[in-house]
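Visitor: Got a structure for you, questions after.
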Amino acid sequence: MGKTIIKTDLIDDNNSFMGTVKSAVKSFGLPRLIISLFLLLMFILAPFVGANFFTQLSNTLNRFSWNAVLVLAMVPMIHSGCGLNFGLPLGIIAGLLGATLSIELGFTGATTFWMAILLATPFAVLFGTLYGFLLNKIKGGEMMIATYVGFSAVSLMCMMWLLLPYHSPNMVWGYAGTGLRTTISLDGYFNQALSGFLRINIGHLSIPTGALLFFGILALGIWAFLHTKTGTAMTAVGSNAKFARACGVNIDRVRALSVIMSTWLGAVGILVYEQGFGFIQLYNAPFNMALPAVSAILIGGATVNKASITNVIIGTFLFQGIVTMTPTVINSMIHMDMSEVIRVIVSNGMIIYALTRKSEVSK
Amino acid sequence: MAESPLLEFKNVSKSFYGNNVLNGISFTLNHGEILGLVGENGAGKSTLMRILFGMNVIKETGGYEGEILVDGNLVKFDNPSEALKAGIGMVHQEFSLIPGFTAVENIVLNREPQRKSIISEVFGPRLNTLDRKKMDEISQKSIGTLGVNINKDMLISNMPVGHKQFTEIARELTKKNIKILILDEPTAVLTEKEADTLLKSIKEMAKRGISVIFITHRLQEILSVCDKVLVMRDGVIVRETPADKTTVREITKWMVGREISGISAENNESKIQNKKEIKKIMSVQNLWVDMPGETVRDVTLDIFEGEILGIGGLAGQGKLGIPNGIMGLYEAGGKVFLNEKEISLNNPRLCLDSRLAFVSEDRRGVGLLLDESLEWNITFPAMQIQNKYLKMLLGGFIKWRDEEAIKEVTEKYIKELSIKCTGSQQKAKELSGGNQQKVCLAKAFALEPKVLFVSEPTRGIDVGAKKLVLDALKKFNKESGVTVIMISSELEELRAVCDRIAIVSGGKISGVLPAYTDSEEFGHLMVSNVV
Ligand SMILES: Nc1ncnc2c1ncn2[C@@H]1O[C@H](COP(=O)(O)OP(=O)(O)OP(=O)(O)O)[C@@H](O)[C@H]1O
Ligand SMILES: [Mg+2]
């Protein structure tokens with residue numbers, strides 16, 4: 001009798017040890033582990049192929065700071081069960097309107113950035129409200145509709161950018177005098193408005209403190225929001241809408257609120273991106289922003305109805321890290337300038353991988 | 001040489017993240033044998049059956065140890081379809097039907113009778129058309145053998161729980177090659193009568209050579225149909241015995257390891273009669289509710305302050321429609337007064353604000369946030385409706401979750417209702433069925449309502465815990481003066497707890513009698529105007 005007891009104890013120990021290892025791997029996720037190891041390998045290889053480690057790290061941090069807010073914009077809608085925000089271009093358009101208006105109104109320097117956020121806000125709220133109303137009509141098919149909404153909004157704005165009565169000579173086509181250019185330089189406006197703030201330069205390492213700080217504040221805001229009564233209701237709606245309804249939560253209102261929040265974050269996100277990148281890109285450009293953001297959050301470990309700030313940070317870092325590092329390293333290895341091609345291949349590869357993963361985790 | 005048994009478990013163990021829930025389970029099952037499996041909530045019954053059926057949760061959580069033999073051959077099913085191929089069928093404790101399909105479609109799913117057409121002759125059987133008529137026939141027949149009246153063309157998502165249960169059983173019955181049928185608490189939502197029909201068909205199956213593993217908390221059922229009883233406690237088999245050599249009392253003792261007095265059938269000398277002045281707290285007039293499968297046609301009913309009112313009746317007659325309608329979960333009409341004030345229907349929020357609360361019979365659908373912690377499940381309604389468990393910051397502008405208060409109250413209910421879990425942070429989906437039910441009750445208690453509707457409160461709860469839950473309801477009623485309206489398919493349970501019992505039949509109240517009235521009279525009322 002005694003013997004058997006001891007035996008089970010041993011098995012127990014064994015089990016729980018293996019259990020901890022397994023659950024640690026599981027909670028971090030095997031695919032993420034592989035991607036992280038790959039990224040690490042790139043960082044290790046970099047010095048050997050002649051790329052400075054710190055320059056590479058700075059590049060990655062920089063791209064992280066441009067993109068993180070756009071990825072954060074996924075969180076509210078995921079929480080309320082509206083799925084992945086393929087309609088991100090809508091928020092981006094609000095941001096672009098804010099940026100162009102701010103310049104048109106004659107602001108200069110870093111002020112344009114803050115004015116752009118201010119001016120983008122009413123558009124984001126308006127678009128978000130309409131978009132939320134639409135999504136509430138078609139519960140269950142959100143992601144497909146979101147994609148359509150993104151497409152139509154971008155197409156419509158392609159016309160509007162030409163037609164709207166903008167006059168600022170820095171933005172309109174020189175020869176015609178009307179219609180906005182495809183790319184508008186932000187020199188003299190909000191180029192590096194955040195990234196330049198408190199920037200730390202040590203040798204080759206350069207940290208865009210301001211932009212990281214700004215993301216930190218927004219992320220903290222979302223984290224805090226999810227700890228409030230309304231935030232709790234939002235998570236519950238995403239988790240089980242019937243349950244939330246039976247508890248007296250107005251599902252449609254909570255969902256609409258999440259869409260407005262996501263849209264506004266999208267607007268702010270593109271402004272943060274532009275201040276780092278140095279240019280405003282109009283017309284078809286918003287198309288290219290949604291998929292990387294969606295992929296990043298999925299790689300970060302979010303599922304269709306669960307996402308945390310950690311998912312955002314890890315995901316953005318891994319995605320942007322791979323996208324910046326791989327081309328540099330491979331390029332230096334083959335001594336041929338193919339970085340742009342490789343970048344496109346890698347980033348689209350990541351997107352495809354992330355989207356196939358999505359179905360795996362959905363309920 | 002003796003014939004090998006149909007099914008044999010050898011030393012099977014299972015743990016979830018280091019938490020051992022099954023330890024060295026060994027037993028055998030012969031051809032045509034009915035095996036009863038009993039044990040307290042969380043003893044590991046469903047887990048054991050999930051292992052046999054190859055459910056994904058088992059694999060995802062690290063598989064199991066030990067051996068399972070079917071017909072003397074070692075098997076290890078990686079997924080349910082392999083188990084099905086080997087002739088094992090399972091009716092789950094929680095339904096596994098496809099909500100968007102009709103009863104017929106669910107019953108013959110993947111085994112649809114097909115018709116060849118010219119196209120399919122050319123392009124292969126994948127383009128065969130469905131033989132709808134045959135599908136209907138098969139389903140009708142199998143529903144017929146169960147002796148119930150289910151609309152076979154109704155969508156599962158519109159069905160009341162009782163009908164879902166029958167549909168699921170009907171599905172298993174139509175499978176031709178089935179050798180072993182697992183029934184995990186199939187009778188939990190059925191009235192005695194319906195359960196009897198089911199038990200009869202189980203016996204018939206056994207006669208045809210099908211072996212059945214039958215899990216239930218109604219021990220009497222075990223004694224009446226089973227050949228052999230396995231009693232489990234905390235993941236081990238504590239007793240194996242022929243069913244005709246034991247009693248309910250003995251089984252109970254083995255299950256919980258101590259004597260348990262039955263639910264006190266002490267007659268609660270109706271409070272209504274004792275009290276001089278009785279106050280009407282709620283008055284329902286000409287209520288109709290459009291709840292599919294549980295239609296309420298015309299219900300008029302007075303409810304007195306501080307009483308426990310039972311509502312009974314056969315499945316599908318409308319007893320479940322009453323609370324669902326009043327609480328605004330299904331479209332309803334008519335008038336409902338609370339303390340002489342009319343409350344508008346079809347608005348869950350208003351009901352909740354007027355301190356009504358409801359424990360739904362549909363615990364997976366409406367009752368739980370399966371992916372969230374117990375803390376969230378128990379405190380969410382009270383937080384949203386009454387601003388409890390919140391810290392008001394900046395003068396109430398920010399309502400911050402008070403994690404400490406949440407933990408405290410959750411732990412209180414875990415203790416009070418002895419919910420078996422690894423802690424207040426465990427996810428609701430990881431609890432056993434009976435313990436999930438307790439979470440639903442705790443959630444309603446946390447609301448501290450004035451009027452509490454509970455639908456099938458003891459569904460899937462073991463004998464020991466049943467007493468606990470019913471006593472908790474009684475205590476809640478006595479100490480906080482809460483008016484309780486309890487809807488149950490078990491008449492005996494209603495008689496033990498309630499002051500008065502209303503019987504619903506054909507969507508109308510066919511009578512309201514004091515609880516101590518003879519069961520027979522209630523029986524008559526139940527069938528008085530069945531539709
Ligand atoms: N997916 C899971 N993850 C973690 N623990 C689990 C999981 N599923 C079940 N458990 C635990 O295993 C134990 C046994 O659960 P099981 O569902 O087998 O009980 P049961 O005997 O069927 O009880 P009931 O009568 O309430 O249905 C419980 O303590 C439960 O919390
Ligand atoms: Mg169970």
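The values are calculated or read from the model by the stated rules, or taken from the named source; none is laboratory data. All of these numbers come straight from a predicted model, not from anything done at the bench. So basically every Cβ, Gly included, is an ideal-geometry build from the backbone, and we count neighbours across all protein chains shown. What goes into the accessible areas is simple: the full protein's heavy atoms, side chains included, and nothing from ligands, DNA or RNA. Shrake-Rupley method; radii C 1.70, N 1.55, O 1.52, S 1.80 Å.
Visitor: All but one of (1) closer than 20 Å to B:A103 by Cα; (2) hydrophobic (A, V, I, L, M, F, W, C); (3) surrounded by fewer than 23 Cβ atoms within 10 Å (Cβ to Cβ) hold for B:V225; which doesn't?
Guide: (1)
Visitor: For segment B:1-30, give me the residue count where each residue is in contact with a helix residue (DSSP H, G or I) (Cβ under 8 Å, 6 or more places away or on another chain), near ligand 1 (Cβ under 7 Å from one of its atoms) and open to solvent by 50 Å² or more (accessible area, probe 1.4 Å).
Guide: Adding up the residues that qualify gives 2.
Visitor: On the given criteria, is B:N41 away from ligand 2 (no atom under 16 Å from the Cβ) and over 23 Å from B:I210 (Cβ atoms)?
Guide: no
Visitor: Restricting to segment A:304-357, name every residue that is surrounded by fewer than 22 Cβ atoms within 10 Å (Cβ to Cβ), within 14 Å of chain B (Cβ to nearest Cβ) and modelled with pLDDT of 80 or more.
Guide: Result: A:K306, A:S308.
Visitor: With the condition being open to solvent by less than 60 Å² (accessible area, probe 1.4 Å) and at pLDDT 85 or above, I'd like the helices (runs of 4 or more DSSP H) fully within segment A:1-82 carrying at least 1 qualifying residues.
Guide: Values: elements: A:2-28, A:30-48, A:53-72, A:75-79.
It comes to A:30-48, A:53-72, A:75-79.
Visitor: Would you please name the residue that is most open to solvent (accessible area, probe 1.4 Å), looking only at residues in segment A:245-276 that are assigned to a helix (DSSP H, G or I) and either facing chain B (nearest Cβ under 8 Å) or touching a strand residue (DSSP E or B) at 6+ places or on another chain (Cβ under 8 Å) (or both)?
Guide: A:R245
Visitor: If you don't mind, another one. Out of all the residues in segment B:205-235, which are among the acidic types (D, E) and in contact with a helix residue (DSSP H, G or I) (Cβ under 9 Å, 6 or more places away or on another chain)?
Guide: Scanning segment B:205-235 gives B:E221, B:D227.
Visitor: Does segment B:427-440 include one or more residues that are away from ligand 2 (no atom under 16 Å from the Cβ), surrounded by 21 or more Cβ atoms within 10 Å (Cβ to Cβ) and either outside any loop (DSSP other than H, G, I, E, B) or away from chain A (no Cβ under 13 Å) (or both)?
Guide: no
Visitor: Let me ask something additional. Would you say B:F77 is in contact (Cβ under 8 Å) with a residue 24 or more places away in the chain, of a type in the set (F, W, Y), surrounded by fewer than 21 Cβ atoms within 10 Å (Cβ to Cβ) and in a loop (DSSP other than H, G, I, E, B)?
Guide: no
Visitor: If we scan segment B:158-166, do we find a residue that is away from ligand 1 (no atom under 16 Å from the Cβ) and within 14 Å of chain A (Cβ to nearest Cβ)?
Guide: Within segment B:158-166, one or more residues are away from ligand 1 (no atom under 16 Å from the Cβ) and within 14 Å of chain A (Cβ to nearest Cβ).
Visitor: Please go through segment B:448-463 and give me each residue that is away from ligand 2 (no atom under 12 Å from the Cβ), among the aliphatic types (A, V, I, L, M) and modelled with pLDDT under 90, ordered by number.
Guide: B:V463
Visitor: Turning to a different aspect of this structure: Scan segment A:222-244 and tell me whether some residue there is at pLDDT 90 or above, part of a loop (DSSP other than H, G, I, E, B) and surrounded by fewer than 22 Cβ atoms within 10 Å (Cβ to Cβ).
Guide: yes
Visitor: Continuing with this model, one more query. Could you please let me know if B:L473 is more than 14 Å from ligand 2 (Cβ to nearest atom), open to solvent by less than 10 Å² (accessible area, probe 1.4 Å) and part of a helix (DSSP H, G or I)?
Guide: yes
Visitor: Any residue in segment B:324-335 that is surrounded by fewer than 17 Cβ atoms within 10 Å (Cβ to Cβ) and within 25 Å of the chain's Cα centre (by Cα)?
Guide: Looking for residues that are surrounded by fewer than 17 Cβ atoms within 10 Å (Cβ to Cβ) and within 25 Å of the chain's Cα centre (by Cα), one finds at least one in segment B:324-335, hence yes.
Visitor: Looking only at residues in segment B:31-59 that are more than 14 Å from chain A (Cβ to nearest Cβ) and charged (D, E, K, R), which one is farthest from ligand 1 (Cβ to nearest atom)? First the steps, then the outcome.
Guide: Looking only at segment B:31-59, we keep the residues that are more than 14 Å from chain A (Cβ to nearest Cβ), and these are B:31-55, B:58.
With the extra rule that they be charged (D, E, K, R), the set shrinks to B:33, B:40, B:45, B:50.
Numbers: B:E33: 21, B:E40: 7, B:K45: 3, B:R50: 7 Å.
My answer is B:E33.
Visitor: Would you check if there is a residue in segment B:86-96 being more than 14 Å from ligand 2 (Cβ to nearest atom), part of a loop (DSSP other than H, G, I, E, B) and over 27 Å from B:N435 (Cα atoms)? If you could, list the steps in order and put the result at the bottom.
Guide: Within segment B:86-96, the subset more than 14 Å from ligand 2 (Cβ to nearest atom) is B:86-89.
Then keep just the ones that are part of a loop (DSSP other than H, G, I, E, B); that gives B:86-87.
When the remaining residues are screened for being over 27 Å from B:N435 (Cα atoms), the result is B:86-87.
Within segment B:86-96 (the criterion being more than 14 Å from ligand 2 (Cβ to nearest atom), part of a loop (DSSP other than H, G, I, E, B) and over 27 Å from B:N435 (Cα atoms)), the answer is yes, since at least one residue qualifies.
Visitor: Would you confirm whether or not segment B:367-388 contains a residue that is in a loop (DSSP other than H, G, I, E, B), more than 16 Å from ligand 2 (Cβ to nearest atom), more than 22 Å from A:A307 (Cα to Cα) and within 13 Å of chain A (Cβ to nearest Cβ)?
Guide: Yes, that holds for at least one residue.
Visitor: Under 7 Å between Cβ atoms, which residue pairs at least 6 apart in sequence (or on different chains) link something in segment B:19-30 that is away from every other protein chain (no Cβ under 14 Å) with a partner that is among the hydrophobic types (A, V, I, L, M, F, W, C) and not in a strand (DSSP E or B)?
Guide: Close Cβ pairs (under 7 Å, with a partner that is among the hydrophobic types (A, V, I, L, M, F, W, C) and not in a strand (DSSP E or B)) amount to B:L29/B:L6; B:N30/B:L6.
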